[in-house]
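Just below is one structure, and these are the notes that go with it.
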Amino acid sequence: MAPRKTPAPAGDPPADAGTEPRFEEALERLETIVEQLESGQLSLEDAIARYEEGVTLSRRLSQTLDEAEKRIERLEEGASPGESPTTRPADLEPPDPEGGGRGPAESGPAELPF
């Protein structure tokens, strides 16, 4: 039987900090940070560090939601009556004026990080 992972204390970053957490995990971490900041129990240095981490998480979560929204919009726009809707990568980069392509999204399917 595999050993059980013990959860990290609420104030510590996850043990696998080298990889980005899933959307849900990042949202939970952001909620924890907000609770810690609202509690008023952190030192100034810890509060600033948590605030910076929260801003980074908030920006990443917003970007992920924007990408998901664009993906859904394309799904709805491209659906023909009687045809199964499909998704395609978001055009997150502006068109390349010299190459005539649509940017990096044209090279292959993009996956959302969750």
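Values quoted throughout were computed directly from the atomic coordinates according to the rules given, and no laboratory measurement underlies them. A quick note: this is a predicted structure, and the numbers were derived from the prediction, not measured. Don't worry about glycine lacking a Cβ; one is built from the backbone with ideal geometry, like all the others, and counts go over all protein chains shown.
Distance between the 7 Å Cα→Cβ label points at Thr56 and Glu24: 2.4 nm. Placing a pseudo-label 7 Å from each Cα along the Cα-to-Cβ vector at Ile72 and Glu35 gives an inter-label distance of 2.7 nm.
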